[in-house]
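Structure first, then comments.
The values are calculated or read from the model by the stated rules, or taken from the named source; none is laboratory data. Nothing here was measured: the structure is a model prediction, and the numbers come from that model. Note that each Cβ is placed from the backbone with ideal geometry, even for glycine, and that neighbours are counted across all protein chains shown. All accessible areas refer to the heavy atoms of the entire protein, side chains included, with ligands and DNA or RNA removed. Shrake-Rupley method; radii C 1.70, N 1.55, O 1.52, S 1.80 Å.
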Amino acid sequence: MTIHSVMPEHEEVIVNTVKKEKIFLIFLVAFVLRLIVFLLFRPWDIQVQSESILVGDAPEYHRLAECIVNHFTFCGDTFRTPGYPFFIALFYMLFGSKPWVVLFVQIFVDLITIYYVFRIGEMVFSRRVGVIASTFLAINPNSIFSTASLYSDGLFVMFLSAFLYFYLRGLKLGEERSFLIAGGLLALAVLIRPVAQYYFVTLLFVSLLWPTRNLVTRLKWGFLYTLAFIVIISPWLYRNYTLYDTIKLSSVQGETLLFWQVGYTRGWETNQPREIAAAEFKSQAKALGYSESNNPFTNESIAQNLAVQYIKEHPVVFASRWIKGMINTYTNLGTADIAHKLGLMSTSLSPDVFVNEKGFKLISLFFQTKSFAEIMLGLTVLGLLLTNYLTFLLGVDFLMRRHQLAILILFVGSIVFFTVPGGPMGLARYKLPCEPFYFLIGAVYIDHFLHRRALRVAAREHRDRIEGQSVT
């Protein structure tokens, strides 16, 4: 099961005739769309910064970046990993504490992601698949508007896409250097979002079990991949060990599981807001020794044990809320954020609504509470999403019929991997790491469809020409 184009050689001659001008046009369109959003959003405005940028998780990233710039420390934080705050700090050091500068730079971060999605499509399938997939990403509203948020998602997806390119290059060409680079890039992604540490383990097994090389070669791949990964994350692990006597990347897992994911589930179960359920859980945690003065990893362990205890006692309720959250991730249109950043009237539904209400009720609430502009934006986004999801399903079917199971399992498995951690919350931005994978699979089908159509047109023209010559 080698990684190679799904097209026969005579078809690749046709599909690889895409001109470089078209690729440049994709990057130009992507840049212009993101720049328009940036200019309409006006992130340099002090009021916009305080009311719309430094909200949610962004103030913490901002604070930690200032800690790095002003004190060259992480201010004792263990909840976050240093990747994104350090990225912000680089520009704070050069331009001062101006979040809008970071948002502008994130436009180019997104362009790098688009480049690597193109290169993956070109390498694994064909040049035209790369062009189609990168076009999907260039015009994807979720990607466009995420660049105007002080969140780590865009930078994470950029490193993830770069990692995937070198990892697949290593599998295809057997390049040892590619596995070394891939391990390093994934380590940087992990330092942005720790969930990717488990992705590292998963793809380590993929490289060791890859059936086209001998065992010694595969072991060498795994060694280089692991070596680069460990070298880059080790300083942060050492920091946590020396300060908190714990070899872990962060304390995010247990606390997020209890106070957010289980909190939303408990809130749904008792018909209360998440905040009330989270407060109840915090009281239970404090009774078990949870304290602000504690070792944060001790607090995380207490929180995780409480969360696991709740899940064991309510497995069906928790599983149903988790599945609903994953569905919401892919159906959430994100129109409130889009309208807000375009300067239009927006109405944001509470996350509790997405967790607690059923599908038809959510649709009814959407049309009842949203402005006309938001409804039109929502219908546009919905059309793009349905196109992406339909072509993805058709692409899965096509790859299965072509027996391209290795790459299909890798891509679909990656989608599942990055979908599951989102849990009950179901935010639109949670699908950002999954988009390159399903854009590429969808692009395979579109390429196949366009090629068959071109062959039919060519056959018809040839038949007409033969018939014309016969009449003559």
By the rule of no other cysteine beta carbon under 4.7 Å, the lone cysteines of the chain are CYS434
Whole-Hz Karplus couplings 3J(HN,Hα) for segment 140-156, θ = phi - 60° and coefficients 6.51, -1.76, 1.60, Gly and Pro as x, run 6, x, 4, 6, 4, 7, 5, 5, 8, 10, 8, 10, 7, 4, x, 5, 4
In Å and from the alpha-carbon atoms only, list the Rg and Dmax of the chain. 24.1, 96
Once you order the gyration tensor axes a ≥ b ≥ c over the Cα atoms, which shape class does segment 137-242 get: rounded for a/c under 1.5, otherwise prolate or oblate by comparing a/b with b/c? oblate
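Pairs of Cα atoms under 8 Å, at least six residues apart: use those to get the relative contact order of the chain, whole percent.
On the way: 626 pairs, mean separation 82.7, N = 472.
Rounded, it is 18 percent for the chain.
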I want the local charge near ARG239. Using Cβ-Cβ distances under 13 Å, sum +1 for each Lys or Arg and -1 for each Asp or Glu among the other residues. 0
If you keep only loop residues by DSSP, which GluC sites (Glu not before Pro) in segment 48-86 have at most 11 other Cβ atoms within 10 Å of their Cβ? none
Listed residue pairs exceeding 27 Å between alpha carbons, taken from LYS248/LYS286; LYS286/LYS431; LYS282/LYS431: LYS286/LYS431; LYS282/LYS431
Order the peptides 416-427, 182-193, 209-220, 453-464 from the highest to the lowest mean number of other Cβ atoms within 10 Å of their residues. 182-193, 416-427, 209-220, 453-464
Excluding GLY130 itself, calculate the net charge of residues whose Cβ lies under 9 Å from the Cβ of GLY130, where each Lys or Arg counts +1 and each Asp or Glu counts -1. +2
Given a Förster distance of 60 angstrom, what is the FRET efficiency for LYS22 paired with GLU275, based on the Cβ-Cβ distance and rounded to 0.05? 0.75
Surface accessible to a 1.4 Å probe, per residue, for the residues of the chain, Å²: 47 Å²
In deg cm²/dmol and to the nearest 500, what is the mean residue ellipticity at 222 nm of the chain if only DSSP H runs of at least 4 residues count, each as -39500 (n - 2.57), divided by the residue total? -24500 deg cm²/dmol
Compute the helix-to-body angle for 127-138: its Cα long axis versus the longest principal axis of the chain, expressed 0 to 90° and rounded to tens. 40 degrees
Going by average Cβ density within 10 Å per residue, which order do the peptides 385-396, 110-121 take, highest to lowest? 110-121, 385-396
Carbon plus sulfur fraction of accessible area for segment 62-113, probe 1.4 Å, in percent: 71 percent
Treat every Asp and Glu Cβ in segment 116-228 as -1 and every Lys and Arg Cβ as +1, leave all other atoms uncharged, and give the resulting dipole magnitude about the Cα centre to the nearest 20 debye. 300 debye
